[in-house]
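The values are calculated or read from the model by the stated rules, or taken from the named source; none is laboratory data. Note that the structure is a prediction, hence the values are computed from the model and not measured. Counting neighbours? That spans all protein chains shown, and the Cβs are built from the backbone with ideal geometry, glycine included.
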Amino acid sequence: MMLMAFVALISEMHILDYFSNLITMKSNNSRIIIIMLVLFDYFASMFFTNDVLILALIPLFIKIANQYHLKKAYPLTLLTIAANLGSSVTPIGNPQNIFLVSNYYVNVVEFFKYSYIFGIIGFAFILCLSFFAESKTIFNSDKHSDIYLKPVNVFIAVALMVIVLLGIFSIINVVITLIITILIGCIFNYKIIYRIDYGLLLSFIGFFLIVGIFSRSVIINSFISGLATNQRSVFILSALTSQIISNVPASVLIAKFSTYMPAIYYGVSVGGLGTMVASLANLLALKQVTIYSKKDAKKFIVLFSFLNFLLLFLFIIIFYSII
């Protein structure tokens with residue numbers, strides 16, 4: 001709830017929209033625009049979460065693609081993958097990292113000791129894939145942006161991000177952090193409360209209910225306990241479980257049976273690739289595509305599935321050898 005209120009506030013401030021528009025105004029070639037958007041997506045998701053970047057960039061790119069008659073499925077797939085990979089690098093990039101950090105009492109330095117290699121490999125893959133994007137000359141006659149960035153909004157966003165971080169790492173009480181986040185959001189715009197993605201929140205709750213049911217099953221407990229015997233088996237189990245119940249609940253479920261935090265971290269980070277339900281961010285991306293460009297939804301699903309399963313296979317091989 002705290003993170004979603006922060007997400008809604010950042011979206012309302014149009015901070016990401018400003019930088020995204022700035023990127024599109026700096027190039028007259030579609031491939032360069034896509035590469036810049038994907039890289040911006042990758043690095044910004046580390047701090048603003050994958051959900052925020054998907055909400056900001058997918059509608060923006062669809063708008064650009066409609067304006068200049070660009071193909072949509074491949075860039076939209078790249079944006080979704082970049083958001084998932086980039087968000088895995090920092091403790092606040094996605095919910096599963098927040099859970100793992102708090103559950104295993106991992107400090108920032110220790111977390112980055114594991115995540116930096118994932119960040120480097122993820123960056124290399126997403127950059128290489130970006131060079132296969134459509135290259136088309138764009139004659140952009142409109143070189144000004146109608147989105148203005150207020151310095152006070154940047155200050156509020158940075159301050160709030162620090163407060164959220166303090167709450168995540170239990171430096172201040174998480175309830176206090178939630179109250180501060182909601183109060184600041186209401187002061188800025190009381191409609192923030194209505195813009196929180198409650199559907200996504202309910203999806204989280206639904207998945208966690210499934211985890212609760214699984215946890216009470218003697219058969220499933222025995223099965224998972226029998227498999228989670230070493231770091232590599234925990235890694236594979238985390239990655240494959242994510243394909244069925246999503247990587248956030250998968251991290252909660254597997255953590256009940258294992259003390260191998262790095263293996264779970266790599267597993268659920270890699271596990272965000274693959275099926276559409278592997279990450280709730282994937283479902284959010286599909287929802288945005290359906291809303292803003294319904295005719296491209298089928299192409300998006302097909303290309304998304306192909307690339308994600310390909311990357312899932314490659315990442316499993318790479319990190320299985322690393323662990």
Requested in this report: Within the range 254-276, count every residue that is crowded, with 24+ Cβ neighbours inside 10 Å and aliphatic (A, V, I, L, M).
Outcome: 6
Report summary line: In the range 9-30, anything over 15 Å from ALA83 (Cβ atoms) and either among the β-branched types (Val, Ile, Thr) or modelled with pLDDT under 65 (or both) is listed as ILE15, ILE23, THR24
Report task. Scan the range 103-141 for residues that are farther than 15 Å from LEU85 by Cβ and polar (S, T, N, Q) and jot them down. Result -> ASN103, ASN107, SER135, THR137, ASN140, SER141
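For the range 213-323, list the helices (runs of 4 or more DSSP H) that sit wholly inside it and hold at least 3 residues that are touching a helix residue (DSSP H, G or I) at 6+ places or on another chain (Cβ under 6 Å) and modelled with pLDDT of 95 or more; which are they?
Filter on the range 213-323 gives 231-245, 261-271, 297-322.
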Report summary line: Matching residues in the range 281-290 (touching a residue at least 60 places away in the same chain (Cβ under 8 Å) and either aliphatic (A, V, I, L, M) or surrounded by fewer than 18 Cβ atoms within 10 Å (Cβ to Cβ) (or both)) number 5
Query - Breaking point among (1) surrounded by 22 or more Cβ atoms within 10 Å (Cβ to Cβ); (2) at pLDDT below 85; (3) within 16 Å of the chain's Cα centre (by Cα); (4) among the aliphatic types (A, V, I, L, M), for LEU57 - result: (2)
Query raised in the report: Taking the range 83-96 on its own, how many of its residues are assigned to a helix (DSSP H, G or I) and in contact with a Ser or Thr (Cβ under 7 Å, 6 or more places away or on another chain)?
Result: 5
Report summary line: Pairing a residue in the range 99-122 that is at negative phi with any residue that is of a type in the set (S, T, N, Q) and in a helix (DSSP H, G or I), where Cβ atoms lie under 7 Å and the two sit 6 or more apart in sequence or on different chains, gives PHE99/SER251; LEU100/SER251; PHE118/SER269
